[in-house]
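J.: Got a structure for you, written out below as structure tokens; questions coming shortly.
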Amino acid sequence: MEVIDQWRKTLENTLQYYADLPYSYGNVQTYVVVSRDGNHFFLMREGWQGNKRIHGMIVHAEIRDGKIWMHYDGIEGSITEELVSAGVPKEKIVLAFHPPYVREHTGYAVA
């Protein structure tokens, strides 16, 4: 299996783990959404908590230029270390939610 295909599977499985966790309050569903080209991965939440509408992105990751770009990671504790534990090298993960001048100090890829 090609490394990019492994990353796709790892991303989808990791996000599905979080999607399967029950939401504590209200009638809220969590979904994994993968783009048709298999390069964008979203963890989304939607529903109602009492009278409050819940809708939004929890994670957005993209496979671009041979790296995983983490555009948004709203998981407490982050999923990035889970990706590393699953075999994705740190130098192949870009923490895109940080500006480039900060990325060089994170131990992950700059771009």
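What follows draws every value from the coordinates through simple rules; no lab data is involved. Since the structure is predicted, the reported quantities are computational estimates derived from the model, not experimental observations. Note that we place each Cβ from the backbone using ideal geometry, even for glycine, and neighbour counts take in every protein chain shown.
J.: Can you tell me what the convex hull of the Cα atoms of the stretch 3-103 projects to on average, as an area in nm²?
T.: Value for the stretch 3-103: 7.0 nm².
J.: Note down the net charge around Asn27, summing +1 for each Lys or Arg and -1 for each Asp or Glu among other residues with Cβ under 15 Å from its Cβ.
T.: Residues close to Asn27 contribute a combined charge of +2.
J.: Continuing with the same structure: Amide H of Val59 versus every other amide H placed in the peptide plane: which residues, excluding those fewer than 5 positions away on the same chain, fall under 5 Å?
T.: Residues meeting the amide H criterion: Leu43, Gly74.
J.: Helix 3-19 against the longest principal axis of the chain: what's the angle in degrees, Cα atoms only, rounded to the nearest 10?
T.: Compared with the principal axis, the helix lies near 30 degrees.
J.: Divide by every residue of the chain the summed helix terms, -39500 (n - 2.57) for each DSSP H run of at least 4, and state the resulting mean residue ellipticity at 222 nm, rounded to the nearest 500 deg cm²/dmol.
T.: After summing the helix terms and dividing by the residues of the chain, the value is -7000 deg cm²/dmol.
J.: While we're looking at this one, here's another question. So what J values fall out for the stretch 21-35 if you push phi through Karplus, 6.51 cos²θ - 1.76 cosθ + 1.60 with θ = phi - 60°, rounded to Hz, Gly and Pro as x?
T.: With the stated coefficients, the stretch 21-35 comes to 6, x, 7, 5, 10, x, 9, 10, 10, 10, 10, 9, 10, 10, 5 Hz.
J.: Between rounded, prolate and oblate, where does the stretch 66-111 land on the alpha carbon gyration tensor, with a ≥ b ≥ c its root eigenvalues, rounded for a/c under 1.5, else prolate if a/b exceeds b/c?
T.: Oblate, since a/c reaches 1.5 and b/c is not below a/b.
J.: When DSSP beta bridges are limited to those with both residues in the chain, what percentage is antiparallel, rounded to the nearest 5?
T.: In the chain, DSSP labels about 90 percent of beta bridges as antiparallel.
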